[in-house]
Amino acid sequence: MTPDEIQALFTRSDGSYRFARWGRPVAPVVFGTDDATLGVVKGAAEAVARLSGRTLAETDPELGSNLMMFFVSGWDELADVPDLDRLVPDLGGLLPRLTSAEANQYRVFRFDAAGAIRACFAFIRMDAHLAELPAETIALGQVVQSALLWSDTAFAGTSPLARTEAGHTILRPEIADVIRAAYDPVMPDMADDPAHALRLFARMGATG
């Protein structure tokens with residue numbers, strides 16, 4: 001990838017550059033589905049953790065779980081989740097906007113005092129498109145998009161995933177390289193200067 005392509009992955013629709021990575025081990029949990037799907041999500045999380053050189057945790061000391069995935073058939077279902085409005089500000093205003101936009105996924109991040117990711121809440125509405133995808137594909141896509149604070153437009157036109165000739169779903173190699181470089185120990189947990197993209201580019205060359 002070129003420096004400009006990397007920069008675009010973290011440049012938001014308002015033109016600002018904002019990067020953040022997890023500053024603590026990820027402890028995932030899944031709501032609205034079965035235990036088998038939780039195992040699939042944890043498997044995807046373990047794969048991305050290995051890529052980033054980080055480890056998963058059974059529990060987070062503050063939240064119990066800090067990567068929460070909610071699977072629903074309609075956005076209004078989230079209004080009935082106990083205490084969710086304490087985790088997601090303006091939940092009452094968010095749900096109508098998601099319904100109006102016919103969105104099938106949404107993520108809310110929380111950050112620590114240093115700007116690193118400390119929690120992510122991912123909401124997935126199983127519309128007709130997602131219902132056709134294997135659980136492994138949905139899980140890997142959600143974990144990858146929760147691994148870093150990507151731009152809100154980063155994957156609007158191109159998925160971070162790809163399919164092999166054998167029909168297997170994999171993380172696109174260039175996105176894997178970005179994640180690996182982003183979690184290099186010399187890199188910061190948070191950055192808002194576009195020059196950070198040049199540092200990512202340099203690390204990708206060093207580790208590729």
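The values are calculated or read from the model by the stated rules, or taken from the named source; none is laboratory data. If you're wondering where the values come from, they're calculated on a predicted model, not measured in any experiment. Please note: Cβ atoms are built from the backbone with ideal geometry, for glycine as well, and neighbour counts cover all protein chains shown. What goes into the accessible areas is simple: the full protein's heavy atoms, side chains included, and nothing from ligands, DNA or RNA. Shrake-Rupley method; radii C 1.70, N 1.55, O 1.52, S 1.80 Å.
Please compute the Kirkwood hydrodynamic radius over the range 48-198, one decimal place, Å, based on all pairs of different Cα atoms. Could you put the intermediate results ahead of the total?
Details: mean 1/r = 0.0585 Å⁻¹.
One decimal place: 17.1 Å for the Kirkwood radius.
Which of the three applies to the range 50-108, rounded, prolate or oblate, going by the alpha-carbon gyration tensor with a ≥ b ≥ c and a/c under 1.5 meaning rounded? Walk me through the intermediate numbers first.
Details: a/c = 2.71, a/b = 1.75, b/c = 1.55.
Prolate, since a/c reaches 1.5 and a/b exceeds b/c.
Starting from the Cα gyration tensor of the range 4-97, take the square roots of the eigenvalues, sort them a ≥ b ≥ c, and report rounded, prolate or oblate (rounded when a/c is under 1.5, otherwise prolate if a/b is larger than b/c, else oblate). Spell out each step's value before the answer.
On the way: a/c = 1.79, a/b = 1.08, b/c = 1.65.
Judged from the Cα gyration tensor, the range 4-97 comes out oblate (a/c at least 1.5, b/c at or above a/b).
Using heavy-atom solvent-accessible surface (probe 1.4 Å) with all chains present, what is the largest-first order of TYR183, TYR106?
Working: TYR183 20, TYR106 85 Å².
Ranked from most to least accessible, the order is TYR106, TYR183.
If you add up the charges near ARG110, with Lys and Arg at +1 and Asp and Glu at -1, over every other residue whose beta carbon is less than 10 angstrom from its beta carbon, what do you get?
On the way: positive: ARG118; negative: GLU62, ASP112.
Combined, the nearby Lys, Arg, Asp and Glu give -1.
Let me check against my output: what whole-number percent is the relative contact order of the range 1-127, with C-alpha pairs under 8 Å and at least 6 apart? Let's see the in-between values first.
Working: 160 pairs, mean separation 33.9, N = 127.
Once normalised by length, the contact order is 27 percent.
Sequence-distant or interchain residues sharing an amide H contact under 5 Å with ALA119, placed H: which?
For ALA119, whose amide H was placed from the backbone, the distant partners under 5 Å are ARG110.
For Cα pairs less than 8 Å apart in space and 6+ apart in sequence, what is the mean separation divided by the residue count of the range 47-109, i.e. the relative contact order in percent?
19 percent
Would the range 120-208 count as rounded, prolate or oblate if I go by the C-alpha gyration tensor, calling it rounded below 1.5 in a/c and otherwise prolate when a/b exceeds b/c, oblate otherwise?
Taking the square roots of the gyration eigenvalues as a ≥ b ≥ c, the range 120-208 is prolate.
Could you work out how far apart the two model spin labels at GLU46 and ALA79 are, taking each label as a point 7 Å from the Cα in the direction of the beta carbon, and quote it in nm?
A separation of 4.0 nm, rounded to one decimal place.
Taking the simple approach of a point 7 Å from Cα along Cα-to-Cβ for both ASP34 and VAL186, what is their distance in nm?
In this crude label model, ASP34 to VAL186 measures out at 4.8 nm.
Just from its helices, what would the mean residue ellipticity at 222 nm be for the chain, if runs of 4 or more DSSP H residues each count -39500 (n - 2.57) and the sum is divided by every residue, rounded to the nearest 500 deg cm²/dmol? Intermediate values should be presented prior to the final figure.
On the way: 8 runs with 80 residues, N = 208.
For the chain, the value works out to -11500 deg cm²/dmol.
So what are the radius of gyration and Dmax for the Cα set of the range 95-162, in Å?
13.0, 40
Run through the DSSP bridge list for the chain and note the antiparallel percent, rounded to the nearest 5. Mind showing how you got there, number by number?
On the way: 15 of 27 bridges.
Here the antiparallel bridges make up roughly 55 percent for the chain.
For every other residue with a beta carbon closer than 15 angstrom to the beta carbon of ALA195, add +1 if it is Lys or Arg and -1 if Asp or Glu, then tell me the sum.
Working: positive: ARG18, ARG199, ARG203; negative: ASP4, ASP192, ASP193.
Net local charge, ALA195 excluded: 0.
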